[in-house]
Amino acid sequence: MNTILNLAWKSVRNRKATAILTILTVAISVILLMGVERIRTQAKSSFANTISSTDLIVGGRSGQVNLLLYSVFRIGNATNNIDWKSYQEFAHNPAVKWTIPISLGDSHKGFRVMGTNHNYFEHFRYGQKQPLSFSQGHEFKGLFQTVIGSDVAKSLGYHVGSKIIIAHGISDVAFSRHDKLPFEVVGILAPTGTPVDKTVHVSLEAIEAIHVGWESGAHLGNTPSADQLLKRDFTPNQITAMLIGLKSKIQTFALQRQINTYPKEPLSAIIPGVALQELWGMMSVAEQALMAVSVFVVISGLLGMLSSLLTSLQERRREMAILRAMGARPKHVFSLLVLEASALTSVGILVGVIGLYALLGAVHPLIQHHYGIKVAMTGITSHEWMLIGFVQLAGILIGFIPAFRAYRQSLSDGMTIRI
């Protein structure tokens, strides 16, 4: 066996260029296959870890995926708002332990602005029930104070004490900015790997205050000064959505039904986990398409290796005949070709795994910044080991084709080669 291994090694060394190209082909296939799998699973994990310990999300009547996207992931816009009286009614429901009101609609240099209150910093949980924490400063207390996420601070170079201008709506253009009412950054949240990092947080009252003199997105009158606004009461009239935590999980469905049939205004209450499952169902076609593309790339890589082995086999018929003349049996010739294919596949997989981790290490900050997906540099999972095993097995099976052909030729060629 050692002799066969030595021969296989020397044979690969004699065909360095072909072997390197074959290894690179397999490596690229493995990088794509495992990369798609890693990003797919990490994307699901990142989405699932965005919100924790919240039993219900309530918003205007809408589809549950749409409500989940705009209230949690800051994607899209609400179809309707919730009246403040309705919020107060459900906030004081005997089954409710806590509520977090959310008001959306404004932005700052591409980052969403969210109005909320103290409950957000006290009760919001992400990941494995992890609370929000501050890397600098504290939560807002004044009307024109703001707390920003870690990505906002990093991208825009803000620190505690910085002044920012909020714009009306999603487009941050000159005519839509509330430039007479700057906000002071009083706190920066620690990184969470969730949309919290990309959010500018202000009070609900501040959202109402900056829109004095605005109607339907248009600036219709003079904006009072900050000192004048500080003297007014800005209890909100409406909010965009609210997060609810219950005293008992048993009451989830009863309160959900009560909200969905609320007679005073059309509302929707969703369970975050159920909405996420629906979202995964919608994305399953794209996942399957990506995985299919990855599999076909692996197949093309292995077929490239097969083509290389078959091409070189025609040139090595004399080598095989000499080995037979020196006492090698047909099974030895067969084993030699299978070992070569197996070795090339193994090295290709190793290079691919190393290349994958190097690539993820280089691009994962960009993925997190642009898409909010935290790609953890974890070890190889059991499912990934299974994918690697399938690639290795496929490489061995591919090696059987030239090996069987060499086996037959070595029996018939002898020392006379018919080419």
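The values are calculated or read from the model by the stated rules, or taken from the named source; none is laboratory data. Only a predicted model underlies this, so the values are computations on that prediction, with no experimental measurement involved. Cβ: placed from backbone, ideal geometry, glycine included. Neighbour counts: every protein chain shown.
Would you point out which residue out of S294, S300, S284 is at pLDDT below 90 and in contact with a Leu (Cβ under 6 Å, 6 or more places away or on another chain)? Talk me through it step by step, then tell me what you get.
Working: S300 fails: in contact with a Leu (Cβ under 6 Å, 6 or more places away or on another chain); S284 fails: in contact with a Leu (Cβ under 6 Å, 6 or more places away or on another chain).
Selected residue: S294, the only one of S294, S300, S284 that is at pLDDT below 90 and in contact with a Leu (Cβ under 6 Å, 6 or more places away or on another chain).
Name the residue that is nearest to the chain's Cα centre (by Cα), counting only residues in segment 351-367 that are without any contact (Cβ under 8 Å) to a residue 12 or more places away in the chain and under 16 Å from G379 (Cα atoms).
The qualifying residue nearest to the chain's Cα centre (by Cα) is A358.
Can you tell me how many residues within segment 214-259 are closer than 18 Å to D83 by Cα, at pLDDT 90 or above and assigned to a strand (DSSP E or B)?
The qualifying residues number 6.
So, K129, is that one at pLDDT 90 or above and of a type in the set (D, E, K, R) or not?
It is false that K129 is at pLDDT 90 or above and of a type in the set (D, E, K, R).
With the structure loaded, tell me whether Q136 is in contact with a Gly (Cβ under 7 Å, 6 or more places away or on another chain) and either not in a strand (DSSP E or B) or not aromatic (F, W, Y) (or both) or whether it fails that test. Working first, answer last.
Details: in contact with a Gly (Cβ under 7 Å, 6 or more places away or on another chain): yes; either not in a strand (DSSP E or B) or not aromatic (F, W, Y) (or both): yes.
Considered against the rule, which asks whether it is in contact with a Gly (Cβ under 7 Å, 6 or more places away or on another chain) and either not in a strand (DSSP E or B) or not aromatic (F, W, Y) (or both), Q136 comes out as yes.
Going by what's in this entry, would G63 be described as more than 27 Å from V185 (Cβ to Cβ), surrounded by 18 or more Cβ atoms within 10 Å (Cβ to Cβ) and either small (G, A, S) or assigned by TED's automatic domain parsing to the domain that holds P182 (or both)?
no
Can T50 be described as surrounded by fewer than 19 Cβ atoms within 10 Å (Cβ to Cβ) and farther than 17 Å from S103 by Cβ?
no
Could you tell me how many of the residues in segment 260-284 are in a helix (DSSP H, G or I) and surrounded by 19 or more Cβ atoms within 10 Å (Cβ to Cβ)? Outline the logic, then answer.
In the first step, residues of segment 260-284 are kept if they are in a helix (DSSP H, G or I); the result is 260, 272-284.
Pick out the ones that are also surrounded by 19 or more Cβ atoms within 10 Å (Cβ to Cβ) and you get 272, 275-276.
Of the residues in segment 260-284, 3 are in a helix (DSSP H, G or I) and surrounded by 19 or more Cβ atoms within 10 Å (Cβ to Cβ).
Select from segment 156-171 the residues that are modelled with pLDDT under 90 and among the hydroxyl-bearing types (S, T, Y) and list them in ascending order.
The answer is S171, and nothing else.
Is it the case that V200 is crowded, with 21+ Cβ neighbours inside 10 Å, more than 23 Å from I75 (Cα to Cα) and modelled with pLDDT of 90 or more? Show your work before the answer.
Details: crowded, with 21+ Cβ neighbours inside 10 Å: yes; more than 23 Å from I75 (Cα to Cα): no; modelled with pLDDT of 90 or more: yes.
In short, no.
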